[in-house]
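See below for the structure under consideration.
The values are calculated or read from the model by the stated rules, or taken from the named source; none is laboratory data. None of the values given here were measured: they were computed from a predicted structure. Cβ: placed from backbone, ideal geometry, glycine included. Neighbour counts: every protein chain shown.
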Amino acid sequence: MTRQKKNSNFKIFRVTKGLTQKDLAMLVGVTDRSIQLYESGKRFPTVDVAKKIADELGKPIEEIFFTSNTN
């Protein structure tokens, strides 16, 4: 599996839930800079943080981090 680059589903899911990067960061226990790096594909969260993000966004980890929106 490869990491997605910028414009992955991550940002779309976060915005759809009405969350800012700072909001999501506070909910999952990381910095907003970390969320920025995850969304851009420059970094990948730990498994625990990825699970928390998935729970907050209501989506499977694979859909957030490993698939892109091509529509």
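Looking only at region 29-48, residues that are within 18 Å of Ile12 (Cα to Cα) and surrounded by 16 or more Cβ atoms within 10 Å (Cβ to Cβ) come to 7 in all. Taking every residue in region 30-41 that is within 20 Å of Thr67 (Cβ to Cβ) and pairing it with any residue that is among the hydrophobic types (A, V, I, L, M, F, W, C), at least 6 positions away or on another chain, the pairs with Cβ-Cβ distances below 7 Å are Ile35/Leu24; Ile35/Ala25; Tyr38/Phe10; Tyr38/Phe44; Glu39/Phe10. Any idea which of (1) of a type in the set (A, V, I, L, M, F, W, C); (2) at pLDDT below 95; (3) not in a helix (DSSP H, G or I) is the one Leu19 doesn't satisfy? Evaluating Leu19 over (1) of a type in the set (A, V, I, L, M, F, W, C); (2) at pLDDT below 95; (3) not in a helix (DSSP H, G or I) leaves (2) as the failure.
If a residue counts only when it is acidic (Asp, Glu), which helices (runs of 4 or more DSSP H) contained entirely in region 24-71 have at least 3 such residues?
47-57
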